[in-house]
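Structure first, commentary second.
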Amino acid sequence: MKLQDKLKKRAALKAVDFIKSGMKIGLGTGSTVFYALEEIGKRIKTGELNNIEGIPSSDDTKRLAKKFGIKLTDFSKISRLDINIDGADEVDKKLNLIKGGGGALLREKVVFQCADLNLIIVDESKVSENLGEKWGVPVEVVPFAKDAVTPFIKKFKGSPVLRVDKNMKPAKTDQGNLLYDCKFGIIENPSSLAKKLNTIAGIVEHGIFFPRNCKVIVAENEKIFILE
Ligand code: 5RP
């Protein structure tokens, strides 16, 4: 296993330690969350965890949760989650996040806002002084507005690049929407940028997340530390 994957797995296992039997949990998306899903499944199988129900943040996660034997529920049955475990693409020291590298930002944000505790699991490479140092901001757009929103993003000093899939076709989210990856350079004021993006009709959601009942579990070479 590559070092980065080992770190992802260590952060994921640490997060799973927070889960207790009977909890309702949010299931994030991505390669780091994969290790958490696998571990939750193992602990359910051994009986260490029981009566767990999860709400998946993507179709991929739904499939994996089923594979690992995690019982699923939805927001028609429960309105709060005890814990949500999710990854991130970039984290600053104030716990602002960029998410959406896996395209699941909309459902991830819905799950995030319903959790009493958000555990964000990352390897050390994701931590920055300021958001935007390493990643652009994913922006989910309804297909009708594909060309209508780009002048606004450019006005906000962003460079929107339409995300494509492995066949070089426009990538579609689970909602059938499109994604722009938008470099803004260093984002001095994430809150101001988020507010501007929120005002544009056609933009469904963006990947800037603000800390909310949040702990970020960071796996580094020799140690694990928690930003809170
Ligand atoms: C998906 C996400 C992921 O959590 C984020 O992209 C991190 O993914 P990975 O754990 O594979 O590095 O936001 O939309």
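The values are calculated or read from the model by the stated rules, or taken from the named source; none is laboratory data. Computed from a prediction, not measured in an experiment: that's the story for all the values here. Every residue, glycine as well, gets a Cβ built from its backbone with ideal geometry; the counts of neighbours run over all protein chains shown. Please note that ligands, DNA and RNA were not included when accessible areas were found on the heavy atoms of the full protein model with its side chains. Shrake-Rupley method; radii C 1.70, N 1.55, O 1.52, S 1.80 Å.
Can you say whether Val141 is touching a residue at least 60 places away in the same chain (Cβ under 8 Å) and out of contact with any Pro (no Cβ under 7 Å at 6 or more places or on another chain), as far as the supplied structure shows?
yes
Taking the range 67-102, which residues are within 16 Å of the ligand (Cβ to nearest atom), out of contact with any helix residue (DSSP H, G or I) (no Cβ under 7 Å at 6 or more places or on another chain) and either among the small types (Gly, Ala, Ser) or open to solvent by 30 Å² or more (accessible area, probe 1.4 Å) (or both)?
Passing the criteria: Gly100, Gly101, Gly102.
Would the range 196-217 turn up any residue that is surrounded by 11 or more Cβ atoms within 10 Å (Cβ to Cβ), over 30 Å from Leu3 (Cα atoms) and free of Cβ contacts under 8 Å to residues at least 24 places away in the same chain?
The answer is yes; a qualifying residue exists.
Of the residues that make up the range 76-99, is at least one among the small types (Gly, Ala, Ser), out of contact with any Pro (no Cβ under 6 Å at 6 or more places or on another chain) and free of Cβ contacts under 8 Å to residues at least 24 places away in the same chain?
yes
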